[in-house]
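Inspection log for the structure reproduced underneath, given as structure tokens.
Just so it is clear, none of the values below were taken in a lab; they were calculated from the coordinates. As the structure is a computational prediction, the values presented were derived from the model and not from experiment. Here Cβ is always computed from backbone atoms with ideal geometry, including for glycine, and neighbour counts include all displayed protein chains.
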Amino acid sequence: MAEQYRNQEFIDQIAKRIEEIRLQKGIVQEDIVERTGFTQKQVWLMLSGKSNFAISHLQAIANALEVHPKELLDFDFDYVKHPPTRRERKGK
């Protein structure tokens, strides 16, 4: 069940997207450190996909990159197809 809360592939895709935007804009990791107030280690952990960071961190990085947070999530991914909800099973 723990895998449900840490999807490394998803984290890696976000880190890759951050890297793409960062390089396009000519922003170095030290700029992100200065613009967010995070430590160099925190930024490195997030950008290398080693940190399962919070939504507020995602927003701070988006601000540092001068993009909307949705830009950091602009990639394809497969989602889990769940069985019908309880309401659907009961026919309501």
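Points to keep in mind about this one:
- Helix content alone sets the calculated 222 nm mean residue ellipticity of the chain: runs of n ≥ 4 DSSP H residues at -39500 (n - 2.57) each, divided across all residues, give -16000 deg cm²/dmol.
- Between Q24 and L58, the C-beta separation translates, for a Förster distance of 22 Å, into a calculated FRET efficiency of about 0.75.
- Between D31 and L45, the contour length at 0.36 nm per residue exceeds the Cα-Cα span by 3.5 nm.
- When only alpha carbons of the chain are considered, Rg and Dmax amount to 16.5, 56 Å.
- Annotation for region 9-78: chymotrypsin sites (Phe, Trp or Tyr not before Pro) lying in DSSP loop with at most 15 further Cβ atoms inside 10 Å of their Cβ are F75, F77.
- Exposure proxy ranking, count of Cβ atoms within 10 Å, fewest first, for R35, R6: R6, R35
- Rel. contact order, % - alpha carbon contacts under 8 angstrom, at least six apart, the chain: 31
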